[in-house]
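Derivation of every value follows stated rules applied to the coordinates shown; laboratory data play no part. All values derive from a computational prediction rather than experimental measurement. Neighbour counts run over all protein chains shown; Cβ positions are idealised from the backbone, glycine included.
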Ligand SMILES: [Zn+2]
């Protein structure tokens, strides 16, 4: 549930209405901040259950098994741990965390829908289809950086299905959070959408290029093998296994709903396309 007054908590209709209202507030809040809403609008209001706990400030969790999002109390109204605080009251960093978790929820939702038996000719959602293709092609075998401080030292790992799905999920969520934080930073002074202001758009694109070159779009996975897990609770991907440009473009289009001319401008900054290791439909690798 998105949280509602305690006295209404045991009345199912009120609970439902509270959840729907909260979701409306989330989408309106995002629109007011000129932030992407494309994938938020695709999520049914009651899908995610939000809870608050005393986590570290920027920590958050998403549990696909019961579609549960656990956020730090600081993201709740008056830090009371009951209702989500308005997006306008969140810091840029808090919105980055929130969007990161919302993206996990979205991918979870697409997987849930896909698993439901339905009409003939059923085909996975375009993004889910792309995700599975990338999971097999790019996240089945990865380079990891065993010691975070030593980026240059990498090792190869073959990932299980669960590990590669998690690695993809985290890598993509890192990018979504990054995109939101940087959009907020770029829009901060002008108070208008970066899509209406070419200079701001260029600013975001430059930041993206720098982050991409530095290898900032890297996820992690929790090793399934107990021996490996004894060595490290989480394995972080190395720069070689960061988000590919083609993946970023698909996420910008299909999840964030970035405009085509913005993406075209971004692609110009990258020069000729490098050969993609996957035969994907994403990006410029056809
Ligand atoms: Zn995550």
222 nm mean residue ellipticity, helices alone, for the chain (DSSP H n ≥ 4; -39,500 (n - 2.57); rounded to 500): -14500 deg cm²/dmol
Region 6-116: C-alpha gyration tensor shape, a/c 1.5 cut-off, then a/b vs b/c: rounded
For region 153-286, projected area of the alpha-carbon convex hull averaged over all directions, nm²: 9.2
Shape of region 87-188, Cα gyration tensor, a/c cut at 1.5: oblate
For the chain, diffusion coefficient by Stokes-Einstein and Kirkwood Rh (Cα), 37 °C, 0.692 mPa s, µm²/s: 163
Per-peptide average of other Cβ atoms within 10 Å, ordering 134-146, 198-210 highest first: 134-146, 198-210
Estimated distance in nm for a label pair at residue 112 and residue 149, the labels positioned 7 Å out from Cα along Cα-to-Cβ: 4.2
Per-peptide average of other Cβ atoms within 10 Å, ordering 225-231, 245-251 highest first: 245-251, 225-231
Cβ crowding within 10 Å averaged over residues, with 106-113, 47-54 ranked highest first: 106-113, 47-54
